[in-house]
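Participant: This is the structure I have questions about; it appears just below.
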């Protein structure tokens, strides 16, 4: 969808993750996407790799739910403050983090992802 705004792209990405719908990443996740995940060097992630990451994460974390607490957009960028929750074995898991997405032509083309932290965001 070429007219998708950065906010709409991020919300569609979140929805696809919540529904474990890797097929919905087609036309949303550019192939490839440039990723910046410190402290690793920047790298590219293909559509197939991101679809597999979604499937694997859902297998590891039952009941996965991704919630965008805030989405702030400026130009091609959308910054997201998120919480990810689910269950692994007999343990509930909650992680929080911030990601910045660059969206061009309605597709996510670049992502900056700071390491997530255990636990929810403080209120």
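No lab work stands behind these numbers, since they all come straight from the coordinates. Keep in mind that this is a model prediction, so the values were computed, not measured. Neighbour counts are summed over all protein chains in view; Cβ atoms, including those assigned to glycine, are modelled from backbone coordinates with ideal geometry.
Participant: Give me the angle, in degrees from 0 to 90, between the Cα long axis of helix 6-18 and the longest principal axis of the Cα atoms of the chain, rounded to the nearest 10.
Facilitator: The answer is roughly 40 degrees.
Participant: Here's a follow-up. Using Cα springs under 10 Å in a Gaussian network model of the chain, which residue among 32, 22, 41 shows the largest mean-square fluctuation?
Facilitator: The residue that fluctuates most here is 41.
Participant: Quick check: from the Cα gyration tensor, does region 1-69 come out rounded (a/c under 1.5), prolate or oblate?
Facilitator: Cα axes put region 1-69 in the rounded bin.
Participant: Right, here's the next one. Could you grab the relative contact order for region 1-59? Cα pairs under 8 Å, six or more apart, rounded to a whole percent.
Facilitator: Normalised by residue count, the contact order of region 1-59 is 30 percent.
Participant: Then there's this: Counting alpha carbon pairs within less than 8 Å and at least 6 residues apart, what relative contact order, in whole percent, applies to region 73-118?
Facilitator: For region 73-118, the relative contact order is 34 percent.
Participant: Calculated FRET efficiency, residue 117 and residue 90, Cβ-Cβ r, R0 22 Å, to nearest 0.05?
Facilitator: Approximately 0.50, to the nearest 0.05.
Participant: A follow-up question, please. As a footprinting exposure proxy, order 3, 31 by other Cβ within 10 Å, with the fewest listed first.
Facilitator: 3, 31
Participant: Still on this structure: Percent relative contact order of region 6-118, based on C-alpha pairs within less than 8 angstrom and at least six residues apart?
Facilitator: That works out to 29 percent.
Participant: Between rounded, prolate and oblate, where does region 77-123 land on the alpha carbon gyration tensor, with a ≥ b ≥ c its root eigenvalues, rounded for a/c under 1.5, else prolate if a/b exceeds b/c?
Facilitator: The shape class here is prolate.
Participant: Put a dot 7 Å past each Cα toward the Cβ at residue 34 and residue 20; how far apart are the dots in nm?
Facilitator: Between residue 20 and residue 34, the label points sit 3.4 nm apart.
Participant: Let me ask something else. Quick one: which of 78-84, 67-73, 93-99 comes out on top by average Cβ neighbours within 10 Å, and what's the full order, highest first?
Facilitator: So the order, starting with the most tightly packed, is 78-84, 93-99, 67-73.
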